[in-house]
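The values are calculated or read from the model by the stated rules, or taken from the named source; none is laboratory data. Model, not experiment: these values are computed from the prediction. For neighbour counting, all protein chains shown are included, and Cβ atoms are generated from backbone atoms with ideal geometry for every residue, glycine included. What goes into the accessible areas is simple: the full protein's heavy atoms, side chains included, and nothing from ligands, DNA or RNA. Shrake-Rupley method; radii C 1.70, N 1.55, O 1.52, S 1.80 Å.
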Amino acid sequence: MAFEPAQPASADAGFSPAGGPRGESVCLPDDQDHRSETGDHLVAASSAARQPAITGKIARLKRRSEFLAVAATGRRWVAPAFVLQIGPRADDPSAPGSIGIGFTATKRIGNAVARNRAKRRLREAARLLAPRSATAGYDYVLIARAEVLTCAFQTLLDDLETAFSRVLRVKPKPLPARRPKRSASPPGRPSPRES
């Protein structure tokens, strides 16, 4: 028994592999708003939609010391899909009005594939919202939570926009003090260093 396709594919059918007529773009023009099927506004494609809050560049946080400095400030906004931390940016005379953004996903999220997907989703949401919603002069760290993998992207955008607008109003909560490491010897016995 041979397999036969329901409709034969021919070059003269007039349709591209993407499903639209040949020779026509399947993308919306740059001057229109991209909207979902329900009409919710995703992102305005026109540059006149909003003035950017950032006048400088958006830098990536890459070093551990930069992440720790942001965490030490104690300002954070917790959402179901992520945690947004904020801290003052070190003065950089070459880039006034800039921000720094770092992304992290721990092994609690899942394997490497899941962690990379979580960070990709957070990067894209930050790319769309940071120029107009973030405040210049601050570093931001986005920490992925498990729900970032399953939530709708529009929900992620809405939560991130709320976080950018409210995180500066949150009172700083200092990180809990770390407990000192216990010695290896049982209680009541001196450790090898003490004898």
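Filtered by the rule that a residue be open to solvent by 30 Å² or more (accessible area, probe 1.4 Å) and either over 17 Å from Val167 (Cα atoms) or touching a strand residue (DSSP E or B) at 6+ places or on another chain (Cβ under 6 Å) (or both), the range 70-82 gives Thr73, Arg75, Arg76, Trp77. Scanning the range 124-138 for residues that are buried (at least 20 other Cβ atoms within 10 Å of the Cβ) and among the basic types (Lys, Arg) returns no hits. Evaluating Gln85 against the criteria (1) part of a helix (DSSP H, G or I); (2) out of contact with any Asp or Glu (no Cβ under 8 Å at 6 or more places or on another chain); (3) open to solvent by less than 60 Å² (accessible area, probe 1.4 Å); (4) under 21 Å from Pro172 (Cβ atoms) leaves one unmet condition, (1).
So is Arg121 touching a Leu at 6+ places or on another chain (Cβ under 9 Å), at pLDDT 90 or above, open to solvent by less than 100 Å² (accessible area, probe 1.4 Å) and of a type in the set (D, E, K, R) or not? Yes; evaluated as a whole, the condition is true for this residue. Going by the conditions given, is Ser94 in contact with a Lys or Arg (Cβ under 6 Å, 6 or more places away or on another chain) and either open to solvent by less than 30 Å² (accessible area, probe 1.4 Å) or at pLDDT below 90 (or both)? So Ser94 fails the test.
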